[in-house]
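J.: I am attaching a structure below and will ask some questions about it afterwards.
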Amino acid sequence: MEDLNAILSPGMLVRHPGQPDWGVGQVQSNISGRVTVNFRDKGKVVIESSRIALIPVFDA
């Protein structure tokens with residue numbers, strides 16, 4: 001499976017497809033398939049890239 005999160009870099013805005021109530025998050029880091037995101041309504045979460053494809057947000 002291709003890692004669609006590989007394009008994510010610090011500062012980019014994303015949404016979690018399964019947790020819309022978390023709001024928009026800002027990517028903190030993307031290292032070795034682990035993306036750390038600080039979500040507005042959830043806080044800091046580490047996402048395993050191989051399991052969840054985050055959705056980039058360009059219109060926040």
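Bear in mind that the values in this text are calculations on the coordinates, not laboratory data. All figures in this text were calculated on a predicted structure; none of them were measured in a lab. So basically every Cβ, Gly included, is an ideal-geometry build from the backbone, and we count neighbours across all protein chains shown.
J.: Using the Kirkwood radius over C-alpha pairs as Rh, can you work out the diffusion coefficient of the chain via Stokes-Einstein at 20 °C, viscosity 1.002 mPa s, in µm² per second? Numbers along the way, then the final one.
T.: Working: Rh = 11.1 Å.
For the chosen part, D equals 192 µm²/s.
J.: Put +1 on the Cβ of each Lys and Arg and -1 on the Cβ of each Asp and Glu in the chain; which of 14, 43, 24 then has its Cα farthest toward the positive end of the dipole?
T.: 43
J.: To the nearest 20 debye, what charge dipole does segment 21-60 have about its Cα centre, counting +1 at the Cβ of each Lys and Arg and -1 at the Cβ of each Asp and Glu?
T.: Details: 5 positive and 4 negative charges, 35 e Å.
For this selection, approximately 160 debye.
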